[in-house]
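Q: This is the structure, below, for whatever I ask next.
The values are calculated or read from the model by the stated rules, or taken from the named source; none is laboratory data. The model shown is predicted, which means the values in this text are computed figures rather than measured ones. All Cβ positions, even for glycine, are placed from backbone atoms using ideal geometry, and neighbour counts span all protein chains on display.
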Amino acid sequence: MSSFAAIIRRDLRLAFRQGGDGAMAVMFFVLAALLFPFGIGPEPEVLARVAAGIIWVTALLAALLALDRMFLTDWEDGTLELIRLSPLPLELAVLAKCFSHWLVTGLPVLAATPLVALMLRLDPAALPMLLLSLAIGTPVLSLFGSAGAALTLGARRGGVLVSLLVLPLEIPVLIFGVGAADAALNPEAGPAQLVILAALFAFALPLCPLAAAAALRQALE
Amino acid sequence: MPPRTMVANRHGTFSATALGAVRGEKKLFSGLDFRLPPGGALVLTGPNGSGKSSLLRLMAGFGRPVAGHLAWDGADVARDPEAHRLRLHYVGHQDGLKPALTVAETLRFWAALGGVRLADPAAALAPLGLAGLAGTPCRFLSSGQRRRLALSRLSVGAAPLWLLDEPAVGLDAAALGALSRLIRHHRGTGGSIVLSTHQGMELDGIETISLADFPWRRADDPAGLDW
């Protein structure tokens, strides 16, 4: 498992040294969410009604920001060839890249969520469930994103293309993520939304690395 | 995952039978045969674009040949790609360096990727004269130093087969000498090597494959351009 950990360690080290993608994702998340009170007005009732949706949509867009670079820099400088030649199966290498993508973009967004929720007047009773749904949902965004990023490797304007490819796939994650947070305010609602979200994660965890690895093998031929 | 040392010293004979490759719609070569015994060296020659890099990439397991097959001790390498990956070192055109990582961190990452724990990066950097640069970020390296760092990978974890794509590009005389010594030592212990160009290097007992003289190549593209 040391090669798996080596990829994550290196990605985190690069993210800290260059400071780019992670800081950008979380700043984008906070600033974009802040635009909504200006756009739809500061009435607390209106904001509280849409807060969970705003947070989920901006978290989703923040995860897309650095997605095209998930494999691009490694592909351009030849590191991807070395990863492909390592004893680590390429599927696991993709999983390591997904995990570091989530650590760099998903986790900071999760950490900033209570602050943004406060600014958007989200009902505090819904916050734990919103955080839980984000904790399950944002890794799914990274996983779907890995397949999109691998498929668009080498395409011109890959950044736009990967968004077009991945956004439709992420709609169910959004629906059930927001649904789970809203259900927290309804005493009669069960955990169905959260369970479906977890099922999406269980579906994406093995399948997305398989698809992404196949696309990477193609790109390296 | 088996540690690299388990398979490291299993030297064998690398061979190809009736190998053929295409790039895009164009035929690069076909009916290519070679046999590389332990300790052997194979040099690929041919004009730019004749398929030297493509052949090396095929040997490394990027993609599959359209015809024929590659074998290690008679067993088709496509049957067990994992074992093949473990027995080779590939140094391609790209150096695989990150500007923000130091020389030692880069080498340590490569070693870990190959399942090798690198206790002392300086020892692996010494053969190619990079020991003094261990703490330098890669963004400050010259192109020759970048190349030497990429080649330092050869000293990390033993592999019986080395595939080097134009290893001499950008190297000065001292580095060329050091690389020749590395290769000599590798071959002396039963390792084999395939490289495209050997300009400036002192190698003996080499065999050559020319990718220049295929009939379709002379017929429609005599200058060897646009390939």
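Q: Would you pick out the residues in the stretch B:140-198 that are part of a helix (DSSP H, G or I) and of a type in the set (Ser, Thr, Tyr)?
A: If the condition is that a residue be part of a helix (DSSP H, G or I) and of a type in the set (Ser, Thr, Tyr), then B:Ser143, B:Ser152, B:Ser155, B:Ser180 are the ones that fit.
The rows are residues; the columns are (1) within 25 Å of A:Leu95 (Cβ to Cβ); (2) over 21 Å from the mean Cα position of the chain (by Cα); (3) touching a residue at least 12 places away in the same chain (Cβ under 8 Å).
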{"site": "A:Asp21", "(1), (2), (3)": "yes, no, yes"}
{"site": "A:Ala25", "(1), (2), (3)": "yes, no, yes"}
{"site": "A:Val30", "(1), (2), (3)": "no, no, yes"}
{"site": "A:Leu34", "(1), (2), (3)": "no, no, yes"}
{"site": "A:Phe38", "(1), (2), (3)": "no, yes, no"}
{"site": "A:Pro42", "(1), (2), (3)": "no, yes, no"}
{"site": "A:Glu45", "(1), (2), (3)": "no, yes, no"}
{"site": "A:Leu72", "(1), (2), (3)": "yes, no, yes"}
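Q: Since B:Leu130 meets every condition but one in (1) in contact with a Pro (Cβ under 6 Å, 6 or more places away or on another chain); (2) surrounded by 22 or more Cβ atoms within 10 Å (Cβ to Cβ), which condition does it not meet?
A: Exception for B:Leu130: condition (1).
Q: Can you name the helices (runs of 4 or more DSSP H) wholly within the stretch A:1-95 that have at least 2 residues being away from chain B (no Cβ under 14 Å)? Explain how you work it out, then say what you get.
A: Details: elements: A:2-18, A:21-40, A:44-65, A:69-77, A:79-85.
In the stretch A:1-95, the matching helices (runs of 4 or more DSSP H) lie at A:21-40, A:44-65.
Conditions (1) under 30 Å from B:Gly63 (Cβ atoms); (2) away from chain A (no Cβ under 12 Å); (3) free of Cβ contacts under 8 Å to residues at least 60 places away in the same chain, marked per residue:
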| position | (1), (2), (3) |
| --- | --- |
| B:His89 | yes, no, no |
| B:Gly96 | yes, no, yes |
| B:Pro99 | yes, no, yes |
| B:Thr102 | no, no, yes |
| B:Arg108 | yes, no, yes |
| B:Ala112 | yes, no, yes |
| B:Gly115 | yes, no, no |
| B:Leu130 | no, yes, yes |
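Q: Which of the residues belonging to the stretch B:129-158 are within 18 Å of the chain's Cα centre (by Cα) and modelled with pLDDT under 90?
A: Within the stretch B:129-158, B:Ser155, B:Val156, B:Gly157, B:Ala158 meet the criteria.
Q: Just name the residue that is nearest to the other protein chains (Cβ to nearest Cβ) out of those in the stretch B:117-127 that are of a type in the set (Gly, Ala, Ser) and either crowded, with 22+ Cβ neighbours inside 10 Å or out of contact with any Ser or Thr (no Cβ under 9 Å at 6 or more places or on another chain) (or both).
A: Taking the stretch B:117-127 as the starting set, the residues that turn out to be of a type in the set (Gly, Ala, Ser) are B:119, B:122-124, B:126.
Filter once more, keeping what is either crowded, with 22+ Cβ neighbours inside 10 Å or out of contact with any Ser or Thr (no Cβ under 9 Å at 6 or more places or on another chain) (or both): B:119, B:122, B:124.
Numbers: B:Ala119: 13, B:Ala122: 19, B:Ala124: 15 Å.
Filtering first and then ranking leaves B:Ala119.
Q: So how many residues does the stretch B:126-139 have that are assigned to a loop (DSSP other than H, G, I, E, B) and not hydrophobic (A, V, I, L, M, F, W, C)? Spell out how you get there, then give the answer.
A: Looking only at the stretch B:126-139, we keep the residues that are assigned to a loop (DSSP other than H, G, I, E, B), and these are B:129-130, B:134-136.
Right, trim to not hydrophobic (A, V, I, L, M, F, W, C) and you get B:129, B:135-136.
Total meeting the criteria: 3.
Q: A further question follows. Take the residues of the stretch A:204-221 that are under 20 Å from A:Ser86 (Cβ atoms) and surrounded by fewer than 19 Cβ atoms within 10 Å (Cβ to Cβ): which is farthest from the chain's Cα centre (by Cα)?
A: Only one residue tops the list, namely A:Glu221.
Q: OK, next. Taking A:Leu107, is it within 14 Å of chain B (Cβ to nearest Cβ) and assigned to a helix (DSSP H, G or I)? Let's see the steps before the verdict.
A: Working: within 14 Å of chain B (Cβ to nearest Cβ): no; assigned to a helix (DSSP H, G or I): yes.
Considered against the rule, which asks whether it is within 14 Å of chain B (Cβ to nearest Cβ) and assigned to a helix (DSSP H, G or I), A:Leu107 comes out as no.
Q: Ok, one more. List the number of the failed condition for A:Glu76; all other conditions in (1) crowded, with 17+ Cβ neighbours inside 10 Å; (2) modelled with pLDDT under 95 hold.
A: Condition (1) is where A:Glu76 drops out.
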